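Worksheet for the structure shown next.
The values are calculated or read from the model by the stated rules, or taken from the named source; none is laboratory data. The structure presented is a predicted model; accordingly, all values stated were derived computationally and were not measured. So basically every Cβ, Gly included, is an ideal-geometry build from the backbone, and we count neighbours across all protein chains shown.
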Ligand code: BG6
Ligand code: MG
């Protein structure tokens with residue numbers, strides 16, 4: 001194991017509520033029912049697929065142009081909310097753990113479905129904390145397809161067998177396994193049987209990396 005690839009939303013930062021508020025505003029404007037339970041199904045899923053899930057509650061069909069407009073509307077409100085993020089939105093545990101992994105010689109990358117990944121990393125002051133960023137802007141298929149993690153491994157110059165993925169979404173664990181990588185489940189995915197390791201707190205990665213702390 002030489003590299004860690006981190007999902008962003010739900011692992012490094014918590015943007016679920018922002019996604020929820022932005023989609024809720026769009027859904028309300030269309031008279032579509034939307035709640036937190038439906039929002040949970042959007043975890044790890046691309047923007048376009050998220051819209052399709054929300055439209056399951058819509059009576060009728062929409063043109064591709066209208067769908068593009070709704071996605072843009074959602075993304076604009078989402079980015080307004082992201083602008084409120086600051087370095088204080090990353091816990092000390094996350095920041096310290098990333099630092100210790102790097103000091104121990106591990107390469108670190110982001111593997112996120114989001115097209116806003118770099119914007120978020122910039123807001124929270126973590127752009128320099130990673131050696132590579134693979135995100136929604138460099139993939140054509142989203143998780144559970146392995147593409148985002150395969151690309152992250154390539155950007156780092158690592159073999160899949162040298163990479164371990166840290167994920168909070170079931171679709172993300174499936175994507176990591178499909179890429180031939182080890183997978184750590186955290187948060188929602190800490191209960192997923194397919195994860196090779198299951199952790200409750202971010203610092204537990206240090207033990208997985210063989211770094212011993214006192
Ligand atoms: C993932 C989130 O990280 O990014 C999903 O878990 C989201 O909920 C997806 O839909 C795409 O994000 P964005 O920022 O490109 O709309
Ligand atoms: Mg996630």
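Which numbered condition trips up residue 152, out of (1) free of Cβ contacts under 8 Å to residues at least 40 places away in the same chain; (2) within 16 Å of ligand 1 (Cβ to nearest atom); (3) under 17 Å from residue 46 (Cβ atoms)?
(1)
Please name all residue pairs, on different chains or six or more residues apart, with Cβ atoms under 9 Å, provided the first residue is in the stretch 67-78 and is touching a residue at least 40 places away in the same chain (Cβ under 8 Å) and the second residue is within 16 Å of ligand 2 (Cβ to nearest atom) and not in a helix (DSSP H, G or I).
Note: pairs meeting the criteria are 75/115; 75/116; 78/15; 78/116.
Quick one: in the stretch 1-11, which of the residues that are more than 9 Å from ligand 2 (Cβ to nearest atom) and touching a helix residue (DSSP H, G or I) at 6+ places or on another chain (Cβ under 8 Å) is nearest to residue 167 (Cα to Cα)?
5
How do the pairs read when you match residues in the stretch 156-178 that are at positive phi with residues anywhere that are assigned to a helix (DSSP H, G or I) and within 16 Å of ligand 2 (Cβ to nearest atom), using Cβ under 7 Å and keeping only pairs 6 or more apart or on different chains?
none
I'd like to check which helices (runs of 4 or more DSSP H) are fully inside the stretch 11-71 and have at least 3 residues that are near ligand 1 (Cβ under 10 Å from one of its atoms).
Working: elements: 16-30, 36-40, 47-54.
The qualifying helices (runs of 4 or more DSSP H) are 16-30, 47-54.
Given the criteria under 18 Å from residue 91 (Cβ atoms), out of contact with any helix residue (DSSP H, G or I) (no Cβ under 9 Å at 6 or more places or on another chain) and surrounded by fewer than 24 Cβ atoms within 10 Å (Cβ to Cβ), does residue 201 qualify?
no
Collect the residues in the stretch 94-126 that are within 16 Å of ligand 1 (Cβ to nearest atom), in contact with a helix residue (DSSP H, G or I) (Cβ under 9 Å, 6 or more places away or on another chain) and without any contact (Cβ under 8 Å) to a residue 60 or more places away in the chain, keeping them in residue-number order.
116, 118, 119, 123
Within the stretch 73-92, does at least one residue satisfy the condition of being part of a loop (DSSP other than H, G, I, E, B), closer than 26 Å to residue 204 by Cβ, under 16 Å from the mean Cα position of the chain (by Cα) and more than 14 Å from ligand 1 (Cβ to nearest atom)?
Yes, there is a match, as at least one residue in the stretch 73-92 is part of a loop (DSSP other than H, G, I, E, B), closer than 26 Å to residue 204 by Cβ, under 16 Å from the mean Cα position of the chain (by Cα) and more than 14 Å from ligand 1 (Cβ to nearest atom).
If I filter the stretch 26-55 down to residues being farther than 21 Å from residue 141 by Cβ and loosely packed, with under 15 Cβ neighbours inside 10 Å, which single residue comes out as farthest from ligand 2 (Cβ to nearest atom)?
Of the stretch 26-55, the ones farther than 21 Å from residue 141 by Cβ are 26-40.
Next, only the ones that are loosely packed, with under 15 Cβ neighbours inside 10 Å stay: 28-29, 31, 33, 35-37, 40.
Numbers: 28: 25, 29: 26, 31: 29, 33: 24, 35: 19, 36: 16, 37: 17, 40: 11 Å.
Filtering first and then ranking leaves 31.
Pairs, please: C-beta under 7 Å, at least 6 apart or cross-chain, first residue over 21 Å from residue 145 (Cβ atoms) and at pLDDT 95 or above and in the stretch 1-15, second part of a strand (DSSP E or B) and more than 13 Å from ligand 1 (Cβ to nearest atom)?
Sorted first by the residue in the stretch 1-15, then by its partner, the pairs are 2/107.
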